[in-house]
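A short write-up of the structure that comes next.
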Amino acid sequence: SSHEHKLNFKKSKEVCLSYIQDAVLQKQWKRAAEFLTFYTESLEKDFSTEYMGPSEMIWRIGTEILCHHSHSSMKEFNSFIEQMKTLGIKRYLKVCLEHAFHLLCNGLIDEAYQNLSLAESWRFGEQTAIQDKEMKLIQAYRGLLDYYRWSKQKNILLEHGQDGFEDLSIEQEMHNCFRKAAVNLKEIIKIPGVWDLFVKCYVDLLEFYGDHNEARQVLNEYAYDSKFPANPNAHVYLYQFMKRHGESKKSLISALKILHDIVPSHELMIDFNIMLQKSKKRKKRQLGLEVIFAALDYAGWKENVKAWSCLARQVKQIVISEKHLDWIKQEWNSRKDWWPAFHFSRYLAKRNWQENESLSYEKALVAGILLGKDCKYFKYISHQGCKAQVKRFRILKKFMNKHDPVYLRLSS
Amino acid sequence: RDFNERCAQCSEVNWGLTDGGRFYCRSCHSVTERTREVVNTDFVSNTRIHTISKGLRKQKETDGGCEWYVCEGFQLVLKKQAEALEALGVCPQMKDEILCNFWRCYLQKSKQAYCNRPAGETIKALSVCQSSTDMDSEPDRPSVLHLLSLSESEGDLQTDCSFVSSTSKVSESTSVCSGSVDGSLYLMKNRKETLRMTMPMTLSFCYMALLWLREPMTLSDLLRFVVEGHIPYLNVFQHFPEKMKLCGLDLKIFCVESWPVYEEVHNKMLELAAFLDLPRFPDITDSCFLHPDMLCMKYLMEANLPDELHNWTCRVVKKICIGEADFLTLVPGNKSTRKVKYDVLAVAVIVVVLKLLFLLDDHYEWLLSDFAEERNKNNKEGGLYFEFQKWYKVIKCSLDVEQKKLDEKRAKYLWRCEKPLFYSAKKKSKVLKRRQMVVNLQNQFGKLSGSVQPAEKANPSSFQLSWSEENTDGSCFHGHSLKGILQEKCGLLTAMNPDYWLCTVKLCTEKSCGHLAHYREVDFPQSYHFVLRLFSFLLRIEPSYIHDEVCVIEHKLFNKKLCKKPKYNTSLRK
């Protein structure tokens, strides 16, 4: 049993800490505050060799409590954080950074900016070099806030411009912000990491000032530099940029191809498929089929009419042309065991018909081709559709009757 | 002691102290009329404690402090503790006569005062915090870290932020400082030669004095009062006068970082009594509070058990002769007899009685309880029969509540006080800043604690649990009858329960493993564990201590049966 009757300082603070942790987990903020009061004296015995010592505990737990406690105010929070900053020099910049985040989350953007600027000017012997990473982050976030300001001023100017007003001071300030932002944003995205927001903002700045080359280079590096972690968004940004600047289909396709490899279920796969279907090259069209099948493997796409219509269009076109049936066969091979239950069950047939006629139409078409007109799904939908005397279903029925043997060839 | 006259009767110089504080000759036992003068133990600048030719106390120039010796510090501590005990109702004689005489005797025996300083030993008055210039020339002066590791003090003061951090190098020019004159020398002393004074030992002194006077306070009571703050122990240096500056190694000596441990205090007390060459303590007779008959009654009441059980505890006590004055009275230095822990003994007797009557094998006691319940249902008149199950429910409920409170108190225990401690003047500002921050944070989060009342210091009470027969909910079992579980045989009342199981078949030797038995909760019935847990809570000691004592009592009780049979059964027929 844990009821030891001995007690020493260290043990009693450990026990106290466990009470605090329990209270925090159960969101009992008053109780957590109460026990934290008794825990604070462990600062007077800070075992600096421990992984997470009392001062860090108090900083983190105190922050949690002050964030959630009903009687806590921003003023209290700020005064608490200022104390925490003096508590551990080795942690100074980290505390500053998190303080800034907290201020931002509470909409106090100017205060956050001030904090970050102050932190940026901090110097403390060898600690400055040791905390280099945090310093970079601080500069980066300050750069982000500079961008935010720039953006605001840009909008003001655009408004004024429409009204015919001109404001030189705002314009100048805007350019100032641009410069400050650009410097810091550029710095941070050099470091391998995930910097989506920073990259977007930086590219936005560059594009506005017409430096498209730099923008493209930045995006390229962000997407293709192997030192950076694999990031689907990098490719999305690059694709969007290239689209904006009317680049060749070839480049667009190559960007999206990588995205397909990383995230086959990405929403851009529809665009990708459409692009590929239009291509003159056979390989590209085959890729398109591959892409759309892969996307529909994911549950999130089950009821996506657009996706089904893409697939339907493509398989229909293949069946009519009677060329490249082997493409369908290849895709269907690995899916014939589970797609029927996944997409084409009788239950789904009923539901799709009830909820979304277009969806059921597209799916029926695909089902008919892949599984034959006697499959559950097709039968049900076709029957319902013809009963309801919807024209396209009658057409579909005729089409299926004509091309029925196809599925036999697919399943062999 | 400094009473060196020859005895009028036998011309010996061999004095002891009577209860009344008079001197008596130990050789011929004649009592003199000489009594101890009441000693003024106030701290004054030219106290008489130091008969060593040191000259008048020097006033330190810089910080208004003055020279003081470690033993003076302890003397102050003892004085404060004695005053607190007096406030709790202990007779004034304890402070004015007994305790201070013990202390003086100790000082004399350990050659810290009242004697000629032995040749060759000089006090190196190490310079205090401020100056540090004359340090370099001492080659054999121990380094700071060496001294820190020597002391057996409980807490890990070495890593205190107010101390030099263990990672930084300690240069020779750092003054090995202490506010006291002999702080570092003190820590260097070999413990075995002279029983070195420590904070836990102050409690040993107190207990020894209480025992000498046979005051109605057990050691577990005393230690509980210490933890509850009624007796100065933690941060007692707060009460030192301004002039006595504490710093450096003094902290190692006077700062406490853990609750006093029963075993440690008790063992030290025995060592002390032997060291001081004390005679046999005043007899513990059956009218004394510490006698098992009395203590059993007290604990039976507190445990909400029927008064009738007292007959049984007395019978057991008598049977195994642990009520004899010779068994109970402390004779210092006598290593052959096992020293009695009165509180543990009493509760162990109660446990044995419960086992005798209820067996406590997780089966029989419930059976008995069912019978009693039936009887109580059908027979409303006459007293109620004691139902083990009901008692168990009531006690468990209260025990759980109290244990939970105690657990929270442990978590909320505050160790620091307003008076700052720092190792050296260099660290002073850092320590003060930290303290300020702690106070700020306490205020800030204290306000967010909601309407929590600050924990009032409970009035000290000998009883932690109390039950009243006036309660209409029937939660008091004092008046309940044991009739249902007793039977008459040959005119003598015996238990209906014919069986008994021994906690252990063979006792260990204390010397080899420190214990007489080894208690593991899983090895024993839950009812037994529950009973141990109850008394463990009341006494604030580990269940295994009580278990050890239970084993000893059982072995005394069933001695004959154990000796007879070569094969041991773990259950016996009585």
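The values are calculated or read from the model by the stated rules, or taken from the named source; none is laboratory data. Being a predicted model, the structure only gives us computed values, none of them experimental. With ideal geometry, Cβ positions are generated from the backbone for all residues, glycine too; neighbour counts draw on all protein chains shown.
B:ASN459 meets the conditions (1) within 29 Å of the chain's Cα centre (by Cα); (2) within 14 Å of chain A (Cβ to nearest Cβ); (3) part of a loop (DSSP other than H, G, I, E, B) in every case but one. The failed one is (2). One residue alone among B:LYS339, B:LYS377, B:LYS318, B:LYS335 is outside the structural domain of B:PHE237 (by the TED database), at pLDDT below 95 and within 28 Å of B:ARG224 (Cβ to Cβ), and that residue is B:LYS339. Looking only at the range A:37-46, residues that are touching a Lys or Arg at 6+ places or on another chain (Cβ under 7 Å), facing chain B (nearest Cβ under 8 Å) and over 13 Å from B:GLU408 (Cβ atoms) come to 3 in all. I'd like the residue in the range B:271-292 that is surrounded by fewer than 18 Cβ atoms within 10 Å (Cβ to Cβ) and part of a helix (DSSP H, G or I) and, out of all such residues, is nearest to the other protein chains (Cβ to nearest Cβ). The qualifying residue nearest to the other protein chains (Cβ to nearest Cβ) is B:GLU271.
Filtered by the rule that a residue be of a type outside the set (Phe, Trp, Tyr), in contact (Cβ under 8 Å) with a residue 24 or more places away in the chain and surrounded by fewer than 19 Cβ atoms within 10 Å (Cβ to Cβ), the range B:364-381 gives a lone residue, B:ARG375. Taking each residue of the range A:133-158 that is farther than 10 Å from A:LEU116 by Cβ and modelled with pLDDT under 90 and looking for partners that are of a type outside the set (S, T, N, Q) and not in a helix (DSSP H, G or I) with beta-carbon atoms closer than 8 Å, six or more apart or interchain, yields A:ILE156/A:ASP167; A:LEU157/A:ASP167. Taking residues in the range B:409-427 that are at the interface with chain A (Cβ under 7 Å from one of its Cβ atoms) and farther than 14 Å from B:TRP259 by Cβ, and partners anywhere that are among the aliphatic types (A, V, I, L, M) and crowded, with 17+ Cβ neighbours inside 10 Å, the pairs with Cβ atoms closer than 9 Å and at least 6 places apart or on different chains are B:ARG416/B:VAL438.
Residues in the range B:205-225 that are more than 13 Å from B:VAL265 (Cα to Cα) and outside any helix (DSSP H, G or I): B:LEU213, B:ARG214, B:GLU215, B:PRO216, B:MET217.
Does the range A:47-58 contain any residue that is at the interface with chain B (Cβ under 8 Å from one of its Cβ atoms), at pLDDT 90 or above, assigned to a helix (DSSP H, G or I) and closer than 10 Å to B:ALA411 by Cβ? For the range A:47-58, residues at the interface with chain B (Cβ under 8 Å from one of its Cβ atoms), at pLDDT 90 or above, assigned to a helix (DSSP H, G or I) and closer than 10 Å to B:ALA411 by Cβ: absent. Listed by first and then second residue, the pairs linking a residue in the range A:163-184 that is within 19 Å of A:VAL199 (Cα to Cα) to a residue that is at pLDDT 85 or above and loosely packed, with under 11 Cβ neighbours inside 10 Å, with Cβ atoms under 7 Å apart and 6 or more places separating them unless they lie on different chains, form an empty list. Based on what the data block shows, is B:LYS405 at pLDDT 90 or above, closer than 30 Å to B:LYS511 by Cβ and basic (Lys, Arg)? So B:LYS405 fails the test.
Selection of the range A:1-36 for residues being facing chain B (nearest Cβ under 9 Å), not in a helix (DSSP H, G or I) and not small (Gly, Ala, Ser) yields A:HIS3, A:GLU4, A:HIS5, A:LYS6, A:LEU7, A:ASN8.
Of all the numbered requirements in (1) away from chain B (no Cβ under 13 Å); (2) surrounded by fewer than 21 Cβ atoms within 10 Å (Cβ to Cβ); (3) modelled with pLDDT of 90 or more, A:LEU103 misses one, and that requirement is (2).
With respect to the stated conditions, B:LEU246 fails to be part of a helix (DSSP H, G or I), hydrophobic (A, V, I, L, M, F, W, C) and either within 14 Å of another protein chain (Cβ to nearest Cβ) or at negative phi (or both). Just one of A:LEU371, A:LEU365, A:LEU408 is of a type in the set (A, V, I, L, M, F, W, C), closer than 17 Å to A:VAL315 by Cβ and loosely packed, with under 15 Cβ neighbours inside 10 Å; which is it? Just a single option satisfies the conditions, and that option is A:LEU408. Restricting attention to the range B:495-525, which residues are of a type in the set (Ser, Thr, Tyr) and without any contact (Cβ under 8 Å) to a residue 60 or more places away in the chain? Within the range B:495-525, B:THR504, B:THR509, B:SER512, B:TYR519 qualify. The residue list B:LEU432, B:LEU441, B:LEU399 contains one member that is touching a helix residue (DSSP H, G or I) at 6+ places or on another chain (Cβ under 7 Å) and either exposed (fewer than 11 other Cβ atoms within 10 Å of the Cβ) or without any contact (Cβ under 8 Å) to a residue 24 or more places away in the chain (or both), which is B:LEU441.
Rundown of residues vs (1) surrounded by 14 or more Cβ atoms within 10 Å (Cβ to Cβ); (2) at pLDDT 90 or above, yes/no style:
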position	(1), (2)
A:GLU166	no, no
A:GLU173	yes, no
A:ALA181	yes, yes
A:LEU185	yes, yes
A:VAL203	yes, yes
A:ASN213	no, yes
A:TYR239	yes, yes
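Screening B:TRP259, B:TRP212 for residues that are without any contact (Cβ under 8 Å) to a residue 60 or more places away in the chain and surrounded by 19 or more Cβ atoms within 10 Å (Cβ to Cβ) leaves exactly one candidate, B:TRP259. Close contacts from the range A:115-126, counting a first residue that is in contact (Cβ under 8 Å) with a residue 40 or more places away in the chain and assigned to a helix (DSSP H, G or I) and a second that is loosely packed, with under 10 Cβ neighbours inside 10 Å and among the charged types (D, E, K, R), with Cβ to Cβ under 9 Å and a gap of 6+ residues or different chains, come to none at all.
Condition (residue is assigned to a helix (DSSP H, G or I), of a type in the set (Ser, Thr, Tyr), at pLDDT 90 or above and exposed (fewer than 14 other Cβ atoms within 10 Å of the Cβ)) applied to the range A:84-93: is it met by at least one residue? No - not one qualifying residue is present in the range A:84-93. A:LEU296 meets the conditions (1) under 23 Å from A:PRO232 (Cα atoms); (2) among the aliphatic types (A, V, I, L, M); (3) modelled with pLDDT under 95 in every case but one. The failed one is (3).
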